[in-house]
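> Quick one: the structure is below, questions incoming.
Here, each number is a calculation from the coordinates, and none is a lab measurement. Fair warning: this is a prediction, and the values are worked out from it, not measured in the lab. Every residue, glycine among them, receives a Cβ derived from its backbone with ideal geometry; neighbour counts consider all protein chains shown.
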Amino acid sequence: MKDFLNDWGITAMVFLPLVGAVVMMLIPKAEEELHKTLALVTSLGVAVIGALLALNFDWDKSAELQFVVDKSWIEVIKARFTVGVDGIAMPLILLTLLVVPLVIIYSWNHFPDPVNPKAFLILILVLDTGMLGSFVAQDLILFFVFFEIVLLPMYFMIGVWGGEERQYASIKFFLYTLFGSALMIVSFLALFFVAGAQTFNMTELAALVQSSEVARTTQILIFGGMFIGFGIKVPMFPFHTWLPDAHTQAPTQGSVILAAVLLKLGTYGFVRIALPILPDGARWWAPIIGGLACVGIIYGALACLAQTDMKRLIAFSSVAHMGYVMLGIATLTDFGINAAIFGMVAHGLITGMLFFVAGSLKERFHTLEISRLGGLLKQAPHMGWVLGFTAMASLGLPGLAGFWGEFPAILSAYNPAPGLSVGLFRFYMFVAALGTVLAAGYLLWLYQRTAFGSPKDEFAHEHVHDVGTAEWIAWLPMLVLIVLLGFLPVIIFGMTSDAVEVLAQALAG
Amino acid sequence: MIATLLAQAPQLPFEAPVVDFHALAPQIVLVAFVAVILVVDVIKLEDAKRFIPGLTGLAMLASLVPVISLALHGADRSLFGGAFVVDNVSLVLQAMFLLAGYVVTLLSSNYLAEGDFWESEFYLMLLSSMLGMVVMCSARDLVTIFVALELLSIPAYLMASWEKRNLRSNEAGLKYYLMGVFASALMLYGMSLLFGITGSTLLTEIGASIAEAESSTPIVTLAIVLVVVGFGFKVSAVPFHTWAPDTYEGAPTPVTAFLAVASKAAGFVALVQLVFVGFLGRTDVVEPLMWALAAASMTVGNLIALRQTNVVRLLAYSGIAQAGFMLAPFAVSATNAADALTAVVSYLLIYAAMNLGAFAVVIAVSRKTQSGEISSMGGLFGYAPGLTVAMTICLASLAGIPPLGGWFAKFVVFRALTAADTPAGYVLAIVVALNSVIAFYYYGLVLKAMWFSPEPHGDSTPIKVPVSLVSALAITIAATVLFGVFPGLIGHFTGNLGGLLSFAGG
């Protein structure tokens, strides 16, 4: 068993969804139940392999890559099929493994128009491969390929199954991300040649850049290319404008995957690639990243206050939350980066949950205009409580997962890594703390307008279904985890801290 | 008078040149099939139509056999005093042309049989043009290059105007012809200057001669510029691209596919040989010239493509932009010769597969819609999901999205540019990066129509795709996907092209 996992575990986990997708392609479209079952079984199979990997993971050595596979792939450009998992990647892989089956369960009888479960589920499975592949890749070119595989399925998911403005939103999403990745690949190549490398292996490149002392200016320029590539994906202010459109227009399932996992590819890219390989570049860019993160926090929060559409509001709240993650990363300390990774997982669970609820509301009321909603607690009390609970988690209430993403990130800015301006980061800390107040403001106001009071006249006499079975199955694991991680944050911190410590030492120079 | 002249001529005994027939076998096979088809057509007249597409396809595959045997044999061969060379570059490209020709034959057979066309003669033209291309792969001499170029171009002019009673097709042929002749004239002028200065038509000797210091005269510069400009027309680089959209739109679509892939590739093959064997000594001329052509082609091609409503015109402008991507490695041809050469050849192979695939889908769809407008492809996902996925693969590959072939093509270009480690190289790499983003927008327009829009007339009867088109699609899509997932395949063919450069060095 252990041998199998060592040699094939990761490969099987990453490519099993693709196998499922190919099988589904061969089955006629009319067999809808079969398609749903197959997709669910595949994603659960992937989750089982992932769980076995996690169980066999040697937690005492979580700073090291485990289950490493290093096979020849593209000889001619020296790119290799190198995959492995360490403590930084593990939480995000587990998050992906959890979210994908839940999304498929939620889809069971919630397929958006034009239904077509076959195509929809195939796209989700392809996404699964792309996301997992990005988190395990240890070779820059392999990472790039997986990073890009994610684009097309999401493009089609938004464009085919999305809302009114879906065509605009889908192409905007695509062009923004493609722009980022085009600059990213140029910087990867520049790095390869400037360092005189013989491999795209991330660990070896990091060591090589250290020893060969690549000039600081060069590092700064290359980091700039990566910054744009990953920053668009996060998204950081001012590259965030694709996000509200994409989230608002995407079908519920698309929004959930986008919020829960896809955005993390950007922040993960910073932690996995940009910081360890280019520490000098990172130190130069850190104040800028921190500043933009703070702008994002405040701007996102203010934009939330102005939204009239619930889904758009949640989308802007993502901009603000990812701002905390980026602030944590910008401090370049192990405290901040641990908080950032926790923030990624927490944001994935909480915002994913918010999008689930928003999707269910949209299905019942056919609108998400906040002014038309109201009295949810009266009409569908369970859903009202779930929304309230998630909103509390999102605003960072202690005892729930959201708190451990935000609070340590803010705190870490008090003591940034040596070499960074303490005064500036303490100012950032102040701004970010202000953001939490605003977050409480817009979330509570949202909750008050949608859940309190009595239903508006147009819906007053309609019978509204409360949370259904498929919804409970999809939501409960996430709700439980939000509480669990809130009480036992050590679950995530324990996974990441060793690996992050190694990274932070490298950053401290 | 004549007698006295003859008497002055050196009295050398006649020596028959040693001809390596194995090296010439691909060309000989093609010539033999041209003759056979001609005879079959003359004898069987109308009945011949049934055999000739099959014979043409067979011709392409049959001449692949000696290509493969030569490749297995390994050693480079040089004939006719170095004017005709068979090396790795030449073999890889010959194989590409023959397979592309085979796919074009598959694309043409139903199209011609169902339309009002002369059939047998078409295949004769196709094979003759193919012969020119296969010769071009081995031509290392100005005269051989020119003869090969004319041999591949003249049948193409005819094929472009093959739809005799269609004004657009006539216009296509005429424009292509006039521009082509103009370009040939420029090129010949440049070649004559080169011959005048260097006293040789052999590229290796020209290369050695212009690398010397005193050769940096304006005349050499002018000659190089003229020759490159001449081929600039052939590969439809901006600002010599104006014929391409009209010709592509007017010509019968299989011919367009042929022009866009094979004919353009032939222009690149000639450029590869001229630049990497002949002109490497004068990088001060070649690199800036190619830099400008590449940047202009991709930017202008992409920007105009954004406004197109016809899918064939869109592919024409996308082809201009793709030509820009392929020209980009030439801009670092001297600083980083090996990578640049690999990049161009790899791009050509992948481009052939993905672009032919896109044309195959366009031909299949227009069998039903009788239209080339993008809007006519609306709702394709609803009634022809297979074709939609095929087109999506081709367009996404053209846009350079992993894991499809196009990403590796773009990647090797990036690699060549960044590995040169010059400011010009980095700037061009960023221009390429920005352009590949712009390009996705118009490929996205087609995707959008197919996936998101409803069928414009509400007619959702499925499309009957003939076997020949299905096979053409299968070949091209398989190649596009395989090249993307296992780029090592391409690397296997293009990783060892140094033989060509050793001529330049020597």
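> Given chain A, what count of lysine pairs have C-alpha atoms under 21 Å apart, with each pair 8 or more places apart or on different chains?
15
> Also: Given a Förster distance of 30 angstrom, what is the FRET efficiency for B:L38 paired with B:I68, based on the Cβ-Cβ distance and rounded to 0.05?
0.65
> Whole angstrom only: what separates the Cα centroid of segment A:345-359 from the Cα centroid of segment B:380-412?
Computed from Cα coordinates, the inter-centre distance equals 32 Å.
> Got a sec? Charge dipole of segment B:283-497, +1 on Cβ for Lys and Arg, -1 for Asp and Glu; which of B:F381, B:Y441, B:H492 is way out at the positive end?
Result: B:F381.
> Moving on. Can you give the extra length, in nm with one decimal, that the chain gains between A:V48 and A:K61 once fully stretched, where that is 0.36 nm per residue apart less the Cα-Cα distance?
2.5 nm
> Taking chymotrypsin sites (Phe, Trp or Tyr not before Pro) that fall in a DSSP loop and have at most 16 other Cβ atoms within 10 Å as cut points, what is the longest piece of chain A between them?
The longest such stretch corresponds to A:1-413.
> Mean residue ellipticity at 222 nm from the helices of chain A, using -39,500 (n - 2.57) per DSSP H segment of n ≥ 4 over the full residue count, to the nearest 500 deg cm²/dmol?
-24000 deg cm²/dmol
> If the cut-off is 12 Å between C-alpha atoms, which aspartates and glutamates fall inside it for B:K234, apart from same-chain ones fewer than 8 positions away?
B:E150
> Tabulate in residue order the Karplus-calculated ³J(HN,Hα) for segment A:181-198, using 6.51 cos²θ - 1.76 cosθ + 1.60 with θ = phi - 60°, rounded to whole Hz; enter x for Gly and Pro.
6, 5, 5, 4, 5, 4, 5, 4, 5, 4, 4, 4, 7, 5, 7, x, 7, 10
> Still on this model: How large is the charge dipole for the protein assembly as shown, taken about the Cα centre, if only the Cβ atoms of Lys, Arg (+1) and Asp, Glu (-1) carry charge, to the nearest 20 debye?
Dipole of the protein assembly as shown, to the nearest 20 debye: 1180 debye.
> Mind putting a number on the dipole of chain B about its Cα centre? Charges go on the C-beta only, +1 for Lys and Arg and -1 for Asp and Glu, and I need it in Debye to the nearest 20.
Taking the Cα centre of chain B as origin, the dipole is about 920 debye.
> HN-Hα J couplings of segment A:377-392 from phi, Karplus 6.51/-1.76/1.60, θ = phi - 60°, integer Hz, Gly and Pro as x?
Working through the residues one at a time gives 4, 7, 7, 9, x, 4, 5, x, 5, 4, 4, x, 4, 5, 4, 4 Hz.
> Let's test the formula: R0 of 56 Å, r as the Cβ-Cβ distance of A:K71 and A:Q448. What FRET efficiency results, to the nearest 0.05?
0.50
> Moving on to the next point. Magnitude of the Cβ-charge dipole of segment A:2-507, K/R +1 and D/E -1, about the Cα centre, nearest 20 debye?
Approximately 720 debye in magnitude.
> For the protein assembly as shown, take every pair of Cα atoms, bin their distances at 20 Å starting from 0, and report each bin as a whole percent.
For the protein assembly as shown, the binned pair fractions read 13, 41, 31, 13, 2, 0 percent.
> So what's Rg/Rh here for segment B:269-377, counting alpha carbon atoms and using the Kirkwood radius for Rh?
1.09
> Which shape class applies to chain A: rounded if a/c is under 1.5, otherwise prolate when a/b exceeds b/c and oblate if not, where a ≥ b ≥ c are the square roots of the Cα gyration tensor eigenvalues?
Because a/c hits 1.5 or more and a/b fails to exceed b/c, chain A counts as oblate.
> Could you give the nm distance between label points at A:R426 and B:L482, where each point is 7 Å from its Cα heading toward the beta carbon?
In this crude spin-label approximation the distance works out to 6.6 nm.
> Under the Kirkwood approximation applied to all pairs of distinct alpha-carbon atoms, what is the hydrodynamic radius of segment A:42-85 in Å?
12.2 Å
> Here is a follow-up. Given A:V483, A:A391, B:A270, which one lies farthest toward the positive end of the charge dipole of the protein assembly as shown, if we put +1 on the Cβ of every Lys and Arg and -1 on the Cβ of every Asp and Glu?
Ranked along the dipole, the leading option is A:A391.
> Now, a different point. Rounded to the nearest 500, what is the 222 nm mean residue ellipticity of chain B from helices alone, with -39500 (n - 2.57) per DSSP H run of 4+ residues and division by all residues?
Roughly -24500 deg cm²/dmol at 222 nm, from the helical runs in chain B.
> Please go through segment A:7-94 and write out the GluC sites (Glu not before Pro) that DSSP classes as loop and that have at most 11 other C-beta atoms within 10 Å.
Here no loop site has a sparse enough neighbourhood.
> Once phi is turned into θ = phi - 60°, what whole-Hz ³J(HN,Hα) does the Karplus curve with 6.51, -1.76 and 1.60 give for every residue of segment B:112-119, x standing for Gly and Pro?
Running phi through 6.51 cos²θ - 1.76 cosθ + 1.60 with θ = phi - 60° gives 6, 5, 8, x, 9, 10, 6, 9 Hz.
> What residue among A:A330, A:M131, A:G441 has its Cα farthest toward the positive end of the dipole of segment A:2-507, where the charges are +1 on Lys, Arg and -1 on Asp, Glu, each on the Cβ?
It is A:G441.
> Another one. Hey, can you grab everything whose amide H is under 5 Å from the amide H of A:K456? Only 5+ residues off in sequence or another chain; H modelled, so Pro and N-termini drop out.
A:G374
> Separation of segment A:374-419 and segment B:308-329 by C-alpha centroid, Å?
Taking the Cα centre of each part, segment A:374-419 and segment B:308-329 sit 50 Å apart.
> Please report Rg over Rh for segment B:102-197, where both radii come from the alpha carbon positions and Rh follows the Kirkwood definition.
Taking Rg over the Kirkwood Rh, I get 1.06.
> How large is the Rg to Rh ratio of segment A:363-509 when both quantities use alpha carbon positions and Rh follows Kirkwood?
1.11
> Okay, moving on. In terms of the ratio Rg/(2.2 N^0.38 Å) built on C-alpha atoms, what value belongs to chain B?
0.96
> In terms of modelled amide H atoms, which long-range or inter-chain residues lie less than 5 Å from the amide H of A:W73?
Hits under the 5 Å cutoff: A:F81.
> Which angle between 0 and 90 degrees, to the nearest 10, do you get for helix A:279-306 versus the longest principal axis of chain A when only C-alpha atoms count?
That works out to roughly 10 degrees.
> If amide hydrogens are placed 1.01 Å from N in the peptide plane, which non-local residues have theirs closer than 5 Å to the one on B:V238?
Under 5 Å from the amide H of B:V238 lie the amide H atoms of B:S297, each far enough along the sequence or on another chain.
> Quick one: Debye curve from the C-alpha atoms of segment B:283-497, no solvent, what's log10 I(q)/I(0) at q = 0.08, 0.10, 0.11 Å⁻¹?
Taking Cα atoms of segment B:283-497 as identical point scatterers yields -0.29, -0.44, -0.52.
> Expected output is a single nm value to one decimal: the length gained when fully extending between A:K378 and A:E501, i.e. 0.36 nm times separation in residues minus the C-alpha distance. What is it?
Once the chain is fully extended between A:K378 and A:E501, it gains 39.4 nm.
> Scan segment B:154-260 for trypsin sites (Lys or Arg not before Pro) in coil per DSSP, keeping those whose Cβ has at most 13 other Cβ atoms within 10 Å, and list them by number.
Sparse-neighbourhood loop trypsin sites (Lys or Arg not before Pro): B:K164, B:R165.
> Averaging the inverse of every distinct alpha carbon separation and then flipping it gives the Kirkwood radius. What is it for segment B:43-85, in angstrom units?
Here the Kirkwood hydrodynamic radius works out to 13.0 Å.
> At what distance in angstrom do the alpha carbon centres of segment B:245-303 and segment A:236-290 lie from each other?
Segment B:245-303 and segment A:236-290 have Cα centres separated by 38 Å.
> On a straight-distance basis, which lysines could pair with B:K464 in a cross-link, Cα separation under 18 angstrom, same-chain partners fewer than 8 positions away excluded?
B:K368
> Give me the aspartates and glutamates in straight-line cross-link reach of B:K44: C-alpha distance below 14 Å, same-chain residues under 8 apart excluded.
Of all the aspartates and glutamates, those that pass the test against B:K44 - Cα under 14 Å, at least 8 places apart if same chain - are B:E119, B:E121.
> If you don't mind, another one. Between A:Q210 and A:I288, how many nm apart are label points set 7 Å from Cα along the C-beta direction?
2.5 nm
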